[in-house]
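**Q** Have a look at the structure that comes next, please.
The values are calculated or read from the model by the stated rules, or taken from the named source; none is laboratory data. Please read all numbers here as calculations on a predicted model, not as lab measurements. Every residue, glycine as well, gets a Cβ built from its backbone with ideal geometry; the counts of neighbours run over all protein chains shown. Protein only, heavy atoms only, side chains kept; ligands, DNA and RNA dropped before computing areas. Shrake-Rupley method; radii C 1.70, N 1.55, O 1.52, S 1.80 Å.
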Amino acid sequence: MYEGNTAVCTVEMPPHGNSISTYDHAEGPWNEFVFFARNTAYRPQNNNNPHPTESLTTDGGYGSYFGKVLAVPSKGARAYGTGEGGSTLLIAQSDVITWSINMTRSGLFVMSGPGAGQWRRIVSARNTTALGSVPAVLLAVDEPFDVSPVAGVSVVGVSPLRAHQLIVGNRWVWGTEVQTYGTAIGVVMADNTLEHMRWGLKIYGGDYQGGAQPNWHVEVTKNTHINSRGFAMYPSKVGGSLQCDECGGVHFGPGAGNLYYVDYYRGIYLRDNDFFGVFDDHPTFGYGNPCAGANVTGVGAGVVLQGTRFTGCPEGNIPGGL
Amino acid sequence: MIIEGSHTSVEDCFVEQAGVADPAGSFQQVTTIYVHRAQDAILRNNYILWNVSIFDIDVS
């Protein structure tokens, strides 16, 4: 619980991002049940910091697996290491991105195929030869799947779990972005005010630093941007063997030819947000860089954009078909 | 200020010029409140002056 605090920054120093993070993902790749409310953070007026990192970010992404399910040994049966009620599935060792992120207590996300949109907490992970010649990892999750993933079809990701966060009633002034970054499950950003912000609210699922990191069930409601750039929603894009495009959630697995189409966004509600003025009063970043309005380029399943009001600023990029 | 562990509460504090600045590199890290591996921690009604990074919550 982080509530009612005030921070006043009077110097233009490159700040470290203010983060609700899972940087310690080697030992503890989870972060749940955070209440961040009624805080106020000021940065210097006309902050010219060349590296003005985030005013708030949920950070520490990465991922340890992305690929198809090899086998689903049980559904609803006793699962390895979980006692009653869990479930297990097998994934390919060849698609493991890294073991440096502890899979145990990471999130397991069914990204596409049968069972897509479900996530579970991983309670154990171990290498196994259960499939004979195919080296596999046996994952046990905390609850059975409502719809079982299907071997050879469903694509899953294993990434640090950041879930159940309330970011409400805060005020940021002369800052940068306030964002979900990487995995965000069950996050509410509501009744916040952003003033003179170089960026605004961002919903930022994707494959940040490897791994598939969805933003599912995120509600952005009744926030106010004043003389700030607007909010944005798009998947991150990184180079290397893992990347996605800006729009389609296309995700390349670590192996050649592993091209999967996944929904980084599910159940996103952007409702009743207000934008006032333009971001043109900043001496460095504002001029010629008017309010972006709402820049919603990510696509997904169940994205609702409703009741957005613009007063004195352009509408930005809101494609049809959402 | 580093908070680590469970059931920790910091309330109604005034913190001035807190944090540790690392002048090296392009990203100076200044963290005033760092919550690490904490469960059921409460930070409420504090006032922090000068710092850049007001918090860093690594709950993992």
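**Q** Can you tell me which of A:189-199, B:3-13, A:22-32 comes out highest on packing, and rank the rest after it, using the mean Cβ neighbours within 10 Å?
**A** Details: A:189-199: 22.3, B:3-13: 12.6, A:22-32: 20.7.
My ranking of the peptides, most packed first, is A:189-199, A:22-32, B:3-13.
**Q** Buried accessible area for the B:A pair, summed, 1.4 Å probe, in Å² rounded to 100?
**A** Its buried surface, counting both partners, is about 2900 Å².
**Q** In whole Å, what are the Cα extents of the range A:84-155 along the three principal axes, biggest one first?
**A** Rounded to whole Å, the extents work out to 29, 24, 24 Å.
**Q** Something else: Return the long-range amide H neighbours of B:L43 (sequence gap of 5 or more, or a different chain), with a cut-off of under 5 Å between placed amide H atoms.
**A** For B:L43, the qualifying residues are A:Y2, A:E3, B:V10.
**Q** Read phi for every residue in the range A:158-174 and hand back ³J(HN,Hα) as whole Hz from Karplus 6.51 cos²θ - 1.76 cosθ + 1.60, θ = phi - 60°, with x for Gly and Pro.
**A** Working through the residues one at a time gives 10, 9, x, 9, 10, 8, 6, 10, 10, 10, 9, x, 8, 9, 10, 10, 6 Hz.
**Q** State in Å² the accessible area per residue of the range A:56-192; use a 1.4 Å probe, count heavy atoms of protein chains only, and round to the nearest integer.
**A** Result: 32 Å² per residue.
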